[in-house]
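Visitor: What follows is a structure written as structure tokens; I'll ask about it next.
The values are calculated or read from the model by the stated rules, or taken from the named source; none is laboratory data. All of these numbers come straight from a predicted model, not from anything done at the bench. Cβ sites come from the backbone with ideal geometry, for glycine too, and all protein chains shown count toward neighbours. Accessible surface is based on the protein model in full, side chains and every heavy atom, while ligands, DNA and RNA are left aside. Shrake-Rupley method; radii C 1.70, N 1.55, O 1.52, S 1.80 Å.
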Amino acid sequence: MAAASASVLHRCIVLPAGRHSASLIFLHGSGDSGQGLRQWIKQVLSQDLRFQHIKIIYPTAPPRFKISNDCPEHLESIDVMCQVLTDLIDDEVKSGIKKNRILIGGFSMGGCMAMHLAYRNHRDVAGVFALSSFLNKASAVYQALQKSDGVLPELFQCHGTADELVLHSWGEETNSMLKSLGVNTKFHSIPDIYHELSKIELEKLKSWILTKLPGKMEIQDE
């Protein structure tokens, strides 16, 4: 069943303006779609989020999650989705993109999903971002990180201080917990922003993406 759903995962793609050398998987929040998230970002920035060398993939996930930081995680659903997204990552690798040139992130439940995917299954990706997001208090992510050693992907986290759906304090708590487990991360509080995307955070995110996935000019020294 899970494999069947993987092959028909709907995705919206924004191709790079130039030669494709990196990929970004951007996951939407509960009740949205990949196309919906792309349009929302376009509305906030007054233009598409687009890069010279990075392909952006906006997959559409089935609606499954309840938003609360103390109810148990629905690991079965999360793991099915992780498998579907792993297939997506594998497709990028088969097309010639190295794992350390792939970033995973998302808004709200999409950010939660991205943290599960990266910290439990794909620790060799370039980085993770989570906007207006959190992990459950007893998250499987924390359990996995307690048993881990080696380098972990850096996390970029942003949260609106006025968020009434996913509380700012949940985001802060998640960030502190991940930091204590060895994740290199910064938590950006965005003043007076609700459960929404803002131009300030998207501009910050864009800059961070380019530090994690630099273009050809910047990586020639490696």
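Visitor: Averaged per residue, what accessible area in Å² does the chain show with a 1.4 Å probe, protein chains only?
Guide: Value for the chain: 47 Å² per residue.
Visitor: Expressed in nm to one decimal, what extension gain is obtained for the pair Ile200 and Lys94 from 0.36 nm per residue of sequence separation less their Cα-Cα distance?
Guide: Working it through step by step, the gained length comes to 34.7 nm.
Visitor: Report relative contact order for the chain in percent, whole number only (criteria: Cα-Cα under 8 Å, sequence separation at least 6).
Guide: 19 percent
Visitor: Taking the range 11-212 on its own, what percent of its Cα-Cα pair distances exceed 28 Å?
Guide: Of all Cα-Cα distances in the range 11-212, 18 percent exceed 28 Å.
Visitor: For each pair in Lys55/Lys199; Lys99/Lys147; Lys42/Lys147; Lys55/Lys137; Lys94/Lys137; Lys147/Lys204, compute the distance between the two Cα atoms and list the pairs where it is over 29 Å.
Guide: Too far apart for the 29 Å limit: Lys42/Lys147; Lys55/Lys137; Lys94/Lys137; Lys147/Lys204.
Visitor: Report, in deg cm²/dmol and to the nearest 500, the calculated mean residue ellipticity at 222 nm for the chain, where each DSSP H run with n ≥ 4 adds -39500 (n - 2.57) and the sum is divided by the residue count.
Guide: Theoretical 222 nm ellipticity from helices: -11500 deg cm²/dmol.
Visitor: Can you tell me how the range 90-148 classifies by the Cα gyration tensor, rounded, prolate or oblate, using a/c under 1.5 as the rounded cut?
Guide: Judged from the Cα gyration tensor, the range 90-148 comes out oblate (a/c at least 1.5, b/c at or above a/b).
Visitor: Here's something else I'd like to know. Using the Kyte-Doolittle scale, find the helices of the chain whose mean hydropathy is at least -1.0 and whose Cα atoms extend 27 Å or more along the helix's long axis, counting only whole DSSP H runs.
Guide: Passing helices, by number: 75-94.
Visitor: Let me ask you something else. Compare the peptides 154-165, 111-122 by average per-residue count of other Cβ atoms within 10 angstrom and give them in order, highest first.
Guide: 111-122, 154-165
Visitor: So what is the relative contact order of the range 147-222, in percent, for Cα pairs below 8 Å that sit 6 or more residues apart?
Guide: Reported as a whole number, the value is 36 percent.
Visitor: Using 7 Å Cα-to-Cβ label points, what is the Gln146/Leu75 separation (nm, one decimal)?
Guide: Those two pseudo-labels are separated by 1.2 nm.
Visitor: Shifting gears a bit: Using a simple spin-label model with points 7 Å from Cα along the Cα→Cβ vector, what separation in nm is obtained for Glu173 and Gln47?
Guide: Result: 4.0 nm between the two label points.
Visitor: Here is a follow-up. Just the number, please: carbon plus sulfur as a percent of the accessible area of the range 11-212, 1.4 Å probe, no ligands or DNA/RNA counted.
Guide: C and S atoms contribute 50 percent here.
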